[in-house]
Amino acid sequence: AQSVTQPDIHITVSEGASLELRCNYSYGATPYLFWYVQSPGQGLQLLLKYFSGDTLVQGIKGFEAEFKRSQSSFNLRKPSVHWSDAAEYFCAVGNAGGTSYGKLTFGQGTILTVHP
Amino acid sequence: EADIYQTPRYLVIGTGKKITLECSQTMGHDKMYWYQQDPGMELHLIHYSYGVNSTEKGDLSSESTVSRIRTEHFPLTLESARPSHTSQYLCASSRRGGASTDTQYFGPGTRLTVL
């Protein structure tokens, strides 16, 4: 069965500092990988996704993520954090085929706090 | 960006009431999903549909039921609400066919409180 682990439940950074949120996955084949962001009381907004090709993917709001097959990781990065980035971030892995085609498995989320 | 709507956004209701959470999307997506999310926790898939008249139970057991009579509409019903049903319910949709169509787009969610 596929699974996603986000080791950091809560991260605090200063505005302007760099950010890296960790995500490790378990999946038998090449995974589809996603990062979503959720503001309080809101739904999830897609930041970026990886299906194939270039392992460094660019997303919205200045975020990027790198797929590393050897480490089963898909970490999210941003060079300079803005106060508006404070939210909860979810990593997810999707099924590429079979009976569970299209279903997503989510990690527990990482809450990001940004200090001024 | 997909247009997917959920109503109501917030609902406080007493035990034993029947409730229906509405979800509609205007993107013509074939696949639709319902997730349950407790505060500070991950999302758990409770129902999904790959098209009209297709519904399946998700990974997390739920007492709710769903229907898919129209492509754009995927309501979730609880026949008799209980305090254990208190949670946030998120609806999502995606297109069918091809790798890039697995991207799910989410509605704003319904926060349900059962007293």
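Every read-out reported here was derived from the displayed coordinates using simple, explicitly stated rules and does not represent laboratory data. What you are looking at is a predicted structure, and each value in this text was computed from that prediction instead of being measured. Backbone-built Cβ (ideal geometry, glycine too); neighbour counts: all protein chains shown.
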Within region A:62-78, does at least one residue satisfy the condition of being within 11 Å of chain B (Cβ to nearest Cβ) and surrounded by fewer than 19 Cβ atoms within 10 Å (Cβ to Cβ)?
no
List every residue pair whose Cβ atoms lie under 9 Å apart, where the two residues are 6 or more positions apart in sequence or sit on different chains, the first residue falls within region B:51-70 and is more than 14 Å from chain A (Cβ to nearest Cβ) and farther than 15 Å from B:A92 by Cα, and the second residue, located anywhere, is surrounded by 14 or more Cβ atoms within 10 Å (Cβ to Cβ) and among the basic types (K, R).
B:V52/B:R68; B:N53/B:R68
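Is it the case that some residue within region B:80-88 is more than 10 Å from every other protein chain (Cβ to nearest Cβ), closer than 20 Å to A:V4 by Cα and assigned to a strand (DSSP E or B)? Steps first, please.
Step one: filter region B:80-88 for residues more than 10 Å from every other protein chain (Cβ to nearest Cβ), giving B:80-87.
Cutting the leftovers down to closer than 20 Å to A:V4 by Cα gives us none.
No, region B:80-88 has no match at all.
Suppose we keep only residues that are charged (D, E, K, R) and outside any strand (DSSP E or B) within region A:8-30. Which one would you say is farthest from A:R69 (Cα to Cα)?
First, the residues of region A:8-30 that are charged (D, E, K, R): A:8, A:15, A:20, A:22.
Still in the running and outside any strand (DSSP E or B): A:8, A:15, A:22.
Numbers: A:D8: 20, A:E15: 31, A:R22: 14 Å.
It comes out as A:E15.
Looking at A:K68, A:K49, which is the one that is more than 30 Å from B:D3 (Cβ to Cβ) and out of contact with any His (no Cβ under 9 Å at 6 or more places or on another chain)?
Details: A:K49 fails: more than 30 Å from B:D3 (Cβ to Cβ).
Answer to the selection: A:K68.
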Residue that is nearest to A:Q38 (Cα to Cα) [pool: residues in region B:10-48 that are within 11 Å of chain A (Cβ to nearest Cβ) and among the hydroxyl-bearing types (S, T, Y)]:
B:Y35
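For B:I69, indicate whether it is surrounded by fewer than 16 Cβ atoms within 10 Å (Cβ to Cβ) and among the β-branched types (V, I, T). Write out each step before concluding.
Working: surrounded by fewer than 16 Cβ atoms within 10 Å (Cβ to Cβ): yes; among the β-branched types (V, I, T): yes.
Criteria met by B:I69.
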